[in-house]
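First comes the structure, then the notes that go with it.
The values are calculated or read from the model by the stated rules, or taken from the named source; none is laboratory data. Since the model is a prediction, treat every value here as computed from it, not as a measurement. Using ideal geometry, Cβ is built from the backbone for each residue, glycine included, and neighbour counts are taken over all protein chains shown.
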There are 2 protein chains.
Amino acid sequence: MSGYTIVFTADPDANFKADSYNQFTNEINMDESELEIHPSSYKDYKRRVSIKTLVLTSILVAACGIGVGVLIGWFSKSSEVVPNDPEISDAFKVWQEALEETDGAEVTKMLLDEINPENIRENLRLLTKKPHLAGTEADKEMADYVKSVWDTQGMETTRIVPYDVLLSYPDPEKPNLITILNSDGTDYFQSQPEESKLDEGDKHNDTVFPFNAYAPAGVVEGELVYVNYARAEDFKQLEDLGVNASGKVVIARYGKIFRGDKENQAWLRGAKGLILYSDPADYAIEGSSSVYPDSWYMPPSGIQRGTVFRPMGDPLTPGYPATETAFREKYEDSELPNIPVQPIGYGDAIHILREMAGDAAPDEWSGGLNVTYKLGPGLVNNRNIKLDVNNRLQRNTTYNIIGTITGSLEPDRYVMIGNHHDAWVFGAVDPSSGTAVLLELSRVMTKLVMEGKWRPRRTIVFCSWGAEEYGLIGSTEWVEEFTRPLVERAVAYINIDIAVQGNFTFRGKATPNLYNALYDATKAVPDAPFEGHSSNVYDTWLRRMKDNNLNVPYISNVGSGSDYAVLLSRLGVPAVDLRYTYDPASGLAGYPLYHSMYETFYLVNDILDPSFEYHRVIARVCAELARNLADSLILPFKASDYAFKMRRSLDGPDGLKEAYEEKMATRGLSFDAIDIALNYFTAAGQALEAKILHKRYGDSPFAVRKVNDQLMLMERAFIDPQGLPNRPLVRHIVFAPSSKDGYFGDIFPGIMDLMYDIENGMDNDSKWAELEKHMSVIAFTIQSAANTLVEVGELHARP
Amino acid sequence: MSGYTIVFTADPDANFKADSYNQFTNEINMDESELEIHPSSYKDYKRRVSIKTLVLTSILVAACGIGVGVLIGWFSKSSEVVPNDPEISDAFKVWQEALEETDGAEVTKMLLDEINPENIRENLRLLTKKPHLAGTEADKEMADYVKSVWDTQGMETTRIVPYDVLLSYPDPEKPNLITILNSDGTDYFQSQPEESKLDEGDKHNDTVFPFNAYAPAGVVEGELVYVNYARAEDFKQLEDLGVNASGKVVIARYGKIFRGDKENQAWLRGAKGLILYSDPADYAIEGSSSVYPDSWYMPPSGIQRGTVFRPMGDPLTPGYPATETAFREKYEDSELPNIPVQPIGYGDAIHILREMAGDAAPDEWSGGLNVTYKLGPGLVNNRNIKLDVNNRLQRNTTYNIIGTITGSLEPDRYVMIGNHHDAWVFGAVDPSSGTAVLLELSRVMTKLVMEGKWRPRRTIVFCSWGAEEYGLIGSTEWVEEFTRPLVERAVAYINIDIAVQGNFTFRGKATPNLYNALYDATKAVPDAPFEGHSSNVYDTWLRRMKDNNLNVPYISNVGSGSDYAVLLSRLGVPAVDLRYTYDPASGLAGYPLYHSMYETFYLVNDILDPSFEYHRVIARVCAELARNLADSLILPFKASDYAFKMRRSLDGPDGLKEAYEEKMATRGLSFDAIDIALNYFTAAGQALEAKILHKRYGDSPFAVRKVNDQLMLMERAFIDPQGLPNRPLVRHIVFAPSSKDGYFGDIFPGIMDLMYDIENGMDNDSKWAELEKHMSVIAFTIQSAANTLVEVGELHARP
């Protein structure tokens, strides 16, 4: 079989088959000796697809035999070597440990058994006693608390790491208000300055007034226009309907996209102010009869807070850490939001929407309020809307807490587990459900270490971030400060922000490098013991959230929305986000009480997860995933999963080729170079995986480290220091938060953005040249990732 | 001694003492247990300097005792463990190899003994048989030749790596000419189109016409102005003397700075054309009686060719490799030179200078021609100068050749040795003297490997670059293509371009990381056996090129001028350049025949190094340095040398503080943050070095790898992906080619450039803000390098 050319096996001209994922991943069972990295040109690739079955079958049969033989040989040899001399024996033990897997099953059992839902409940009770907004005294108290818990648990090092960052607060004396003005200038209606206190748990004097962080102060007055979710496509449709948002105040409902992008779209269209509200259609789908505190749905006075700042990190120190001596940009040079924005509840919104003039909105723009949704412009009876925002920018200190358990053999390899601790109010779901899990996890891990029952091979780093709610600020500044050691040493980052926001199924967001490990972890963990749930997490997940056409659970792309974003998109550290969620078919725009003052301990303890079994699931999945990453002799990363994901995004249904290939061809552009590079990457990944499967990577600790470094550093190659087109600090070429919706993870975001521009009024030579350049950068970057996987002598074997 | 604060010991308020270098480096003899990284603030630092002697003496005495004990204990333990069971014994042998030094002295002896000057002579004879200009057929022939040599020698992998790049050639039919026009438009004088053939060795039909690569084609005519060396300060002086170069053709002598910067300065001052010539004062200092072929001095018709392109790499693909599918910028978007430039010999220049009008030039502007040097503007008798340049841009292929010897234990660590193979004509000195050495070195190393006498612990990568003469193009494209594996795996890059340009002393350019290893290598190698030379290379070097005030030989900063530049300034790979040179006090601007057609085998074989002993010295220093880097258990890098170098450039005589502190203070800027970061870096480096000295880094192969990774990757931390101010692709914050002279290596180049701007007409808020930001970036970057050196638990102990 020598000289056989590996080709990508999914047929690019047909739809993806249900079994193509498994077929694809099975191929690495080929023996390494049969692989020669010499990927075909695109033409070859097309041609060879048709003969693949025959060739692959032969290889698989041969490979299985050889593979089994090799496995038997290898294992039987290494296990028989037991020295007698005690001195040699000691040294030899270290040597063996360096080259052998620890007994994963035993450690898994200890970790899983020890995780106690009652501890998570108690953690959450303590964490949600009072509001803990970033930059306030409560931020520091929370940092001290987390540190003291870790110190008590026996964490080996704990540090509080402060940053001096620009934050934003409403005026405590002058709440932000929306007013309807009569034509004579008198008040007709005014919004509530704050939410109603409905339950014992939400009564606290430190509750911050509802506001959108970084929305500039200002009073704007004028005609009102309804813009649905304020997405780019909503504004486009609005224009088609003959209504112009320019110079108007606009009102949009929350949901579908990140609120910062709503502000950005409104500003781009010339709106001078933005009102955001939570529509019952998205946040109280059972109507006002069943709302908090009777259910988890949003009551009329409930208001979603949240930042409208779009970049990551401190607004004044982009790209560099906000330490004491850092240079601060001027406000006018930073990317702060441009127009006043204020959120209100639907109890207020109905009074405003009911007064609107103009044509009726399209059916799908109508929400759940008992009014006829109209587009505007303007209100009836020549009334006007006034938006009065008194937010203030303020430099304050926020705090990260970092704790470590040192790895036994590879202390300079970091498996990171993190969540933020700052909350808009009590934050019982966001973020404290995650922090409650994190603190139980750290308890269990430090306990096993202190009792001498376990020490991870690699270092585990626990992170509790500050000021995430303002734009991933604590994590971004930390990543900026410690870029070098992290780029060199971070194995992966596991994020648990909102641990539990429903009881339907586990769900994950991850880079493809981690798909395999995430599937394995969810298979190893029992699901919550309730009706409708399978015996393990994976089975429920697969049943309830199957990936289209593939026989695996669906894993979302990593966009933004929590701290994992900066680790992946700035540094190329493989990242994963874990959560238990509600049924996505429910129509909810998020868990209903998100960022309101009703995110209380009561909500979680009495309504969302009274048994804390769903919290336990997340803690256990995290524990098992971290154990695998920290203990495995060879890291469980799969370049072949990465290759498949990229291939699918190009050739699969709704892929980039389907969307753009034809239009690109009119300008002489094609995906050929990307195809060729991706084929090479695929072959390189499969060859490395075959080598790993058959333990053909060598028998010294340095050989183990070499393979692990290849696996660990592969994702770093997707980082281009020059960044994505027009987003210099977003540097991952394959995955990035969508520039139209920060929550969503685009694949090949540069192509998406440039083609969007071309299709929306910028169909010109310079934009096409940008695209041509970017597509060549993508091809180069994929090739560069492949170069990480091959040996030095093969480096120059360009496809 | 617990809690003692390490401080930098050179007194910043006094001149550096002769022994301060040794004192500084000796401090790491402290035992690690006595070190706590908690660097003082700058105030502390100033205060503690005064009590340092007492404290250090106590520490040294205590530390020596402990150190010796530790050494005895460590060695006695590890050497006694010898297992009996043959199976264990085999595995254990690998384990021991992984943790023990190879016998360096034995390998050194084999390498040094085997290097044969007669082989170098024969290599050079073959390499210089005909011109081999980049992008011509001879470039490919040279690549094939080098590959075939390596294949024959037994190199384990060899690859030719082509790039499709933009090059520049004169018109073979229409040579570039300088003409003096009479006032009636008739020709008064015309320059020679080519050099005279003076010797058998320089007769060849493929000799390219003299030209400056990338100088645009064009005919410019007008008044002439003499601008000395065309440095920024020359133009400034010229203005003070009342002569304006704007709109004029200017004539400048070669020397002092890189010719591309002459073009840039001329263009910045508004000149419309530039004539370059080699003045006898710089290139024929013994007058016309003693020139080639009778001596190594430039004859009247000799012309220095050379590029006037300033950036590194292919002009059309900045930042990305010039592969087949790369995106090419338009010419107008690239940084190609702006005005026509043409070089001439002093045989022609004298006819032009003699005709000049205007005031006499200042004394120090007068060269060695027997004329009165005048400034212009214009020529006598209303004559004008005409510059007729017919260069053409052309995309051609250039070739790198890469060969490898795989490392035994750490194949994924690369020690690189390289030189370019393209030459302006025969290139007997530049670059073939280096290539002749490189091919002998590869012969010796592959021979020892094939004979089973040696295999380096780490991989050795041999590089033969294409198109260096055009702007480090082959190496830059390769570095751009293989950035990821190089950033992760390259230990160091050793450059030998011009191996021998004189017989006075060895000289090196290097990053401070490599000072120690370079000193050690030169101590281990005998110097050439001629009168005036000491027994080893180091001693001659120390005697003839002592570093000011320090008792060590002088090592230059790494600027540009050869391929090491891109490895260091783009990637942060420690780099060193090796050469045997003439007496710098001679007044020569370079070796006289540089880039002329008289760089022949005859020149080297009959005049420059008839015994090839100086070539042997360079080969041996390179061999020993590479061996040390490739074989040492712990890499011989010294962060403390880096710290000292930076400290000296700030506080030492002619340092940045002396130059700028006062002026900065008027704007509220200071070096405080940089001082604090540098103290922390110093302490971190010393602590790590103490740990290494006393072998306190742990006893597993992973521990060895961890320390080596810290040492290897420290320099990477000086790379800022955002680059230097206004130079985004020059990314090393500490060392970079000067923006005023590409040959020169600035330390803290960003400060130099911004202060230059401020002191030359841009003393405004925005420039000061740029400086303030950059100084905060420097402090951060030094801190970041320190973070590479400490343990994870110490990461957050900010100074």
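Among the listed residues A:242, A:302, identify the single one that is under 27 Å from the mean Cα position of the chain (by Cα) and either aliphatic (A, V, I, L, M) or not in a strand (DSSP E or B) (or both). Spell out how you get there, then give the answer.
On the way: A:242 fails: under 27 Å from the mean Cα position of the chain (by Cα).
It is A:302.
This table checks each residue for (1) in a helix (DSSP H, G or I); (2) of a type in the set (A, V, I, L, M, F, W, C).
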{"residue": "A:233", "(1), (2)": "yes, no"}
{"residue": "A:236", "(1), (2)": "yes, no"}
{"residue": "A:247", "(1), (2)": "no, no"}
{"residue": "A:262", "(1), (2)": "yes, no"}
{"residue": "A:266", "(1), (2)": "yes, yes"}
{"residue": "A:290", "(1), (2)": "no, no"}
{"residue": "A:296", "(1), (2)": "no, yes"}
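Going by what's in this entry, would residue A:634 be described as touching a Leu at 6+ places or on another chain (Cβ under 8 Å), without any contact (Cβ under 8 Å) to a residue 60 or more places away in the chain and not basic (Lys, Arg)? Can you show your working first?
Values: touching a Leu at 6+ places or on another chain (Cβ under 8 Å): yes; without any contact (Cβ under 8 Å) to a residue 60 or more places away in the chain: no; not basic (Lys, Arg): yes.
The answer is no for residue A:634.
Does residue A:793 fit the bill of being surrounded by fewer than 23 Cβ atoms within 10 Å (Cβ to Cβ), more than 7 Å from every other protein chain (Cβ to nearest Cβ) and either under 30 Å from residue B:157 (Cβ atoms) or without any contact (Cβ under 8 Å) to a residue 60 or more places away in the chain (or both)?
Details: surrounded by fewer than 23 Cβ atoms within 10 Å (Cβ to Cβ): yes; more than 7 Å from every other protein chain (Cβ to nearest Cβ): no; either under 30 Å from residue B:157 (Cβ atoms) or without any contact (Cβ under 8 Å) to a residue 60 or more places away in the chain (or both): yes.
So residue A:793 fails the test.
Every residue in the range B:163-175 that is part of a loop (DSSP other than H, G, I, E, B) and buried (at least 17 other Cβ atoms within 10 Å of the Cβ), please. Full working, then the answer.
Keep residues of the range B:163-175 that are part of a loop (DSSP other than H, G, I, E, B), which gives B:170-175.
Scanning the range B:163-175 gives B:170, B:175.
Among the residues of the range B:721-732, count how many are surrounded by 22 or more Cβ atoms within 10 Å (Cβ to Cβ) and either within 9 Å of chain A (Cβ to nearest Cβ) or under 16 Å from the mean Cα position of the chain (by Cα) (or both).
Taking the range B:721-732 first, the residues surrounded by 22 or more Cβ atoms within 10 Å (Cβ to Cβ) are B:724, B:730, B:732.
Right, trim to either within 9 Å of chain A (Cβ to nearest Cβ) or under 16 Å from the mean Cα position of the chain (by Cα) (or both) and you get B:730, B:732.
Within the range B:721-732, residues that are surrounded by 22 or more Cβ atoms within 10 Å (Cβ to Cβ) and either within 9 Å of chain A (Cβ to nearest Cβ) or under 16 Å from the mean Cα position of the chain (by Cα) (or both) number 2.
In this structure, is residue A:704 under 17 Å from the mean Cα position of the chain (by Cα) and either crowded, with 22+ Cβ neighbours inside 10 Å or at the interface with chain B (Cβ under 9 Å from one of its Cβ atoms) (or both)?
Working: under 17 Å from the mean Cα position of the chain (by Cα): no; either crowded, with 22+ Cβ neighbours inside 10 Å or at the interface with chain B (Cβ under 9 Å from one of its Cβ atoms) (or both): yes.
Spelling it out, it is not the case that residue A:704 is under 17 Å from the mean Cα position of the chain (by Cα) and either crowded, with 22+ Cβ neighbours inside 10 Å or at the interface with chain B (Cβ under 9 Å from one of its Cβ atoms) (or both).
Take the residues of the range A:421-464 that are touching a Leu at 6+ places or on another chain (Cβ under 8 Å) and in a strand (DSSP E or B): which is nearest to residue A:212 (Cα to Cα)?
Looking at residues that are touching a Leu at 6+ places or on another chain (Cβ under 8 Å) and in a strand (DSSP E or B), I get A:464.
Just give me the residues in the range B:106-143 being small (Gly, Ala, Ser), surrounded by fewer than 20 Cβ atoms within 10 Å (Cβ to Cβ) and outside any helix (DSSP H, G or I), in sequence order. Can you show your working first?
Initially, the range B:106-143 is screened for residues small (Gly, Ala, Ser), giving B:134-135, B:138, B:143.
Still in the running and surrounded by fewer than 20 Cβ atoms within 10 Å (Cβ to Cβ): B:138.
If the condition is that a residue be small (Gly, Ala, Ser), surrounded by fewer than 20 Cβ atoms within 10 Å (Cβ to Cβ) and outside any helix (DSSP H, G or I), then no residue fits.
Of the residues B:646, B:714, only one is within 14 Å of chain A (Cβ to nearest Cβ) and buried (at least 21 other Cβ atoms within 10 Å of the Cβ); which?
On the way: B:646 fails: within 14 Å of chain A (Cβ to nearest Cβ).
The unique qualifying residue is B:714.
One line per residue, one yes/no per condition, for (1) more than 14 Å from the chain's Cα centre (by Cα); (2) not in a strand (DSSP E or B):
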site: B:497; (1), (2): no, yes
site: B:508; (1), (2): no, no
site: B:520; (1), (2): yes, yes
site: B:528; (1), (2): yes, yes
site: B:533; (1), (2): yes, yes
site: B:538; (1), (2): yes, yes
site: B:543; (1), (2): yes, yes
site: B:549; (1), (2): yes, yes
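Within the range B:476-512, track down each residue that is among the polar types (S, T, N, Q) and within 18 Å of residue B:563 (Cβ to Cβ).
Result: B:476, B:483, B:495, B:501, B:511.
Report yes if residue A:753 is within 13 Å of chain B (Cβ to nearest Cβ) and of a type in the set (D, E, K, R), otherwise no.
Values: within 13 Å of chain B (Cβ to nearest Cβ): no; of a type in the set (D, E, K, R): yes.
So residue A:753 fails the test.
On the given criteria, is residue B:510 hydrophobic (A, V, I, L, M, F, W, C), within 22 Å of residue B:646 (Cβ to Cβ) and surrounded by 24 or more Cβ atoms within 10 Å (Cβ to Cβ)? Walk me through it before giving the result.
Values: hydrophobic (A, V, I, L, M, F, W, C): yes; within 22 Å of residue B:646 (Cβ to Cβ): yes; surrounded by 24 or more Cβ atoms within 10 Å (Cβ to Cβ): yes.
Here the answer is yes, as residue B:510 does meet what is asked.
Can you tell me which residues in the range B:675-698 are in a helix (DSSP H, G or I) and either free of Cβ contacts under 8 Å to residues at least 60 places away in the same chain or within 14 Å of another protein chain (Cβ to nearest Cβ) (or both)? Before the answer, list the steps.
Let us first name the residues in the range B:675-698 that are in a helix (DSSP H, G or I), namely B:675-693.
Within the range B:675-698, B:675, B:676, B:677, B:678, B:679, B:680, B:681, B:684, B:688, B:691, B:692 qualify.
Of the residues B:393, B:387, B:369, which is aliphatic (A, V, I, L, M), in a loop (DSSP other than H, G, I, E, B) and more than 30 Å from residue A:793 (Cβ to Cβ)? Reasoning before the result, please.
Details: B:393 fails: in a loop (DSSP other than H, G, I, E, B); B:387 fails: in a loop (DSSP other than H, G, I, E, B).
Unique residue meeting the criteria: B:369.
Could you identify the single residue in B:130, B:109 that is in contact (Cβ under 8 Å) with a residue 12 or more places away in the chain and out of contact with any Cys (no Cβ under 8 Å at 6 or more places or on another chain)?
Numbers: B:109 fails: in contact (Cβ under 8 Å) with a residue 12 or more places away in the chain.
The unique qualifying residue is B:130.
If you check B:178, B:160, which single one turns out to be surrounded by 19 or more Cβ atoms within 10 Å (Cβ to Cβ) and β-branched (Val, Ile, Thr)? Break it down into steps so the answer makes sense when it comes.
Numbers: B:160 fails: surrounded by 19 or more Cβ atoms within 10 Å (Cβ to Cβ).
Residue meeting the stated conditions: B:178.
The conditions are (1) surrounded by fewer than 21 Cβ atoms within 10 Å (Cβ to Cβ); (2) within 19 Å of the chain's Cα centre (by Cα); (3) within 12 Å of another protein chain (Cβ to nearest Cβ), and residue A:709 fails exactly one of them. Which is it?
Evaluating residue A:709 over (1) surrounded by fewer than 21 Cβ atoms within 10 Å (Cβ to Cβ); (2) within 19 Å of the chain's Cα centre (by Cα); (3) within 12 Å of another protein chain (Cβ to nearest Cβ) leaves (2) as the failure.
This table checks each residue for (1) more than 22 Å from residue A:474 (Cβ to Cβ); (2) in contact with a Leu (Cβ under 8 Å, 6 or more places away or on another chain); (3) basic (Lys, Arg); (4) free of Cβ contacts under 8 Å to residues at least 12 places away in the same chain.
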| site | (1), (2), (3), (4) |
| --- | --- |
| A:265 | yes, no, no, no |
| A:286 | yes, no, no, yes |
| A:294 | yes, no, no, yes |
| A:310 | no, no, yes, no |
| A:339 | yes, yes, no, no |
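Name the single residue that is nearest to the other protein chains (Cβ to nearest Cβ) among those in the range A:384-415 being within 18 Å of residue A:469 (Cα to Cα) and of a type in the set (S, T, N, Q). Let's see the steps before the verdict.
The first filter runs over the range A:384-415 and keeps only residues within 18 Å of residue A:469 (Cα to Cα), leaving A:391-401.
Add one more test, that the residue is of a type in the set (S, T, N, Q), and what stays is A:391, A:394, A:396-398, A:400.
Working: A:391: 27, A:394: 21, A:396: 18, A:397: 13, A:398: 14, A:400: 9 Å.
Here the answer is A:400.
Considering (1) at pLDDT 95 or above; (2) surrounded by fewer than 24 Cβ atoms within 10 Å (Cβ to Cβ), say which one residue B:586 fails and leave the rest.
If we test residue B:586 against (1) at pLDDT 95 or above; (2) surrounded by fewer than 24 Cβ atoms within 10 Å (Cβ to Cβ), just (1) comes out false.
Consider residue B:735 against the criteria (1) within 27 Å of residue B:438 (Cβ to Cβ); (2) within 12 Å of chain A (Cβ to nearest Cβ): it satisfies all of them except one. Which criterion is unmet?
It is condition (2) that residue B:735 fails.
Before we move on, is residue A:317 modelled with pLDDT under 95, part of a loop (DSSP other than H, G, I, E, B), within 21 Å of residue B:722 (Cα to Cα) and of a type outside the set (Lys, Arg)? Explain how you work it out, then say what you get.
Details: modelled with pLDDT under 95: no; part of a loop (DSSP other than H, G, I, E, B): yes; within 21 Å of residue B:722 (Cα to Cα): yes; of a type outside the set (Lys, Arg): yes.
No: the conditions fail for residue A:317.
Give all pairs with beta carbons closer than 9 Å in which a residue from the range A:658-674 that is closer than 15 Å to residue B:324 by Cβ and away from chain B (no Cβ under 14 Å) meets a residue that is among the hydroxyl-bearing types (Ser, Thr, Tyr) and surrounded by 13 or more Cβ atoms within 10 Å (Cβ to Cβ); count only pairs at least 6 apart in sequence or on separate chains.
Here the result reads none, with nothing in the range A:658-674 linked to a residue that is among the hydroxyl-bearing types (Ser, Thr, Tyr) and surrounded by 13 or more Cβ atoms within 10 Å (Cβ to Cβ).
Does residue B:332 fit the bill of being modelled with pLDDT under 95 and touching an Asp or Glu at 6+ places or on another chain (Cβ under 8 Å)? Steps first, answer last, please.
Details: modelled with pLDDT under 95: yes; touching an Asp or Glu at 6+ places or on another chain (Cβ under 8 Å): no.
Criteria not met by residue B:332.
Given the criteria farther than 30 Å from residue A:319 by Cα and β-branched (Val, Ile, Thr), does residue A:449 qualify? Spell out how you get there, then give the answer.
Values: farther than 30 Å from residue A:319 by Cα: yes; β-branched (Val, Ile, Thr): yes.
Yes.
Among the residues of the range A:777-786, are any in a loop (DSSP other than H, G, I, E, B), within 13 Å of another protein chain (Cβ to nearest Cβ) and in contact with a Gly (Cβ under 8 Å, 6 or more places away or on another chain)? Break it down into steps so the answer makes sense when it comes.
Going through the range A:777-786, the residues in a loop (DSSP other than H, G, I, E, B) turn out to be none.
So far as the range A:777-786 goes, no, none of its residues is in a loop (DSSP other than H, G, I, E, B), within 13 Å of another protein chain (Cβ to nearest Cβ) and in contact with a Gly (Cβ under 8 Å, 6 or more places away or on another chain).
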